[in-house]
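In what follows, a structure is listed as structure tokens, so that the remarks can point back to it.
Just so you know, all these numbers are worked out from the coordinates, no wet-lab data involved. Note that the structure is a prediction, hence the values are computed from the model and not measured. In this analysis, Cβ positions are derived from the backbone assuming ideal geometry, glycine residues included, and neighbour counts consider all displayed protein chains.
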Amino acid sequence: MSASDYAALTPGSLPARLGGLDLLTRRIGPAEGWQVEEVGDGNLNLVFILRGSLGAAIVKQALPYVRLVGESWPLPLKRSFFEYHALQRQAARDPGSVPELWHFDEAQALIVMEYLSPHIILRHGLIAGKRYGGLGERLGQFCARTLFRGSDLSMKAAEKKADLALFAGNIELCDITENLVFSDPYFEAALNRHTPGLEAAVARLRGDLALKVAAQHLKMAFTSQAETLLHGDLHTGSVMVSERDIRVIDPEFATYGPIGFDIGMLMANFLMACLAQPGHAESPGARSGYQSWLLSVTAAVWTSFEAEFTRLWREERQGILYQATLYEDQRHGLASEIARGERLGAIWRDALGFCGVEIHRRILGLAHNADFERIDDVALRAACEARALALGTALIHSRHTLSGTQALLDLAARVN
Ligand code: ADP
Ligand code: MG
Ligand code: MG
Ligand code: MG
């Protein structure tokens, strides 16, 4: 099948186009009874819920452009290929963490997968003030397993280098991160926008030369520290939750990059969820207990990452780095533990920096988040966002000195 055979699906054409797939009809029933609903909440791709007499499926198809913007912003279909390969690896490295993959059609840039139900997008749950047991713990574990097992700490050299080459092709989605995340917030980029009332905060940020330099150091870490296969877009809109289950979706930005990137982005999104709560409170102060819970989730992401990374370091370090044989003659594995501590320290510092940058770009760049956007009172929204901007700046400046999760929470509590 050539690339010219590609055609975007519509709810009307979907049963005829996919009705012949045995794996699908076996799972959800014959195509005659299918009902198709388009999900409208993603930014880049087409997503359909397909319901049949026996069950349901998700069909996700890339478009040759950004769905939200249109044909004026072309984006390669190949992102679907990277998403599929990333999902496969995440499923192997952390079983049960992502939707089950049922089918992939490269020419049509489409993935058929398990329909998660009754799950909702985590970000929506956080705006509504819902708590999920073990949330930070599970996501920290996901980070540790996928990031450790995708790296030279774990993989065979040939396999790792083949994956590095494979994902190096995800150029255009990396370019989005490189520009929208790491550069645009720090100058008057054409695609930027911000809430009225933030002018003074923006001027402060743009006048902070050390901050602008640090952001480019972080960008260089993103482009050059090819440590592991990242999810690449691990915010609370890429997590789906039910009362009993937590899953990660949408890894189309997958690329080799620094271990701290996914962790920092995730922590940033919990911190923003926390700082946005005054805008969603039923009455003043009504969400303060919930804010404390969100801070504890932020800390748990790191603590749980650290614990699981430590376990994997001790039990599964079979790659080319820090070989156990180097340390065998050291009593009680002391050298290996020193190396682990120093490695975790470097990941922590990277994560804090990426956390700060992610906060800045969600408030000043193109892609904002619903946590702040759904605050109708513009002055209240600006006040919440100004605190978040200040936190982002403080995190970037203090990333080399902030000593642990308690220090991070203290910093967040001070701006709030
Ligand atoms: P995009 O890349 O366009 O952001 P996503 O993969 O984030 O697309 O999917 C868009 C939306 O579709 C999600 O926010 C979610 O509501 C829904 N969705 C995606 N995958 C699933 C799934 N496996 N089960 C249930 N809903 C899903
Ligand atoms: Mg998405
Ligand atoms: Mg989405
Ligand atoms: Mg996406």
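Amide H to amide H under 5 Å from Y256: which residues, 5+ apart in sequence or cross-chain, H placed 1.01 Å off N in plane?
L230
Within segment 229-251, what residues put their amide N at less than 17 Å from the label point 7 Å along the Cα-to-Cβ vector of L68?
Under 17 Å, as judged by backbone N against the label point of L68, lie 232-239, 249-251 of segment 229-251.
With viscosity set to 1.002 mPa s and temperature to 20 °C, compute the Stokes-Einstein D of segment 268-414, Rh being the Kirkwood radius across alpha carbon pairs; µm²/s, no decimals. Walk me through the intermediate numbers first.
Details: Rh = 17.1 Å.
Rounded to a whole number, D works out at 125 µm²/s.
Once the Cα gyration tensor of segment 120-415 is found, what semi-axes does its equivalent ellipsoid get, as square roots of 5 times the eigenvalues, in whole Å, sorted largest first?
Values: eigenvalues 206, 91, 65 Å².
Semi-axis lengths for segment 120-415 are 32, 21, 18 Å.
D377 to H400: FRET efficiency via 1/(1 + (r/R0)^6), r the Cβ-Cβ distance, R0 30 Å, to the nearest 0.05?
For D377 and H400, the calculated efficiency is 0.20.
At a 10 Å Cβ-Cβ cut-off, how would you order M265, M240, fewest neighbours first?
If I rank by nearby Cβ atoms, fewest first, I get M240, M265.
Just need the relative contact order of the chain here, percent rounded to a whole number, with Cα pairs under 8 Å and 6+ apart.
Averaging sequence separation for qualifying contacts and normalising by length gives 18 percent for the chain.
Below 8 Å, C-alpha to C-alpha, sequence gap of six or more: please give me the relative contact order for segment 3-114 in percent.
23 percent
Give the separation of the Cα centroids, segment 295-369 to segment 163-235, in Å.
Distance between centres, Cα-based: 21 Å.
Exposure proxy check: Y186, Y6 ranked by fewest other beta carbons within 10 Å?
Y6, Y186
Where does segment 73-181 land on the Kirkwood hydrodynamic radius, alpha-carbon pairs, in angstrom?
Its Kirkwood hydrodynamic radius stands at 16.3 Å.
Taking every Cα atom in segment 304-364, find the radius of gyration and the maximum pairwise distance Dmax, and write them in Å.
Rg then Dmax for segment 304-364, in Å: 15.4, 53.
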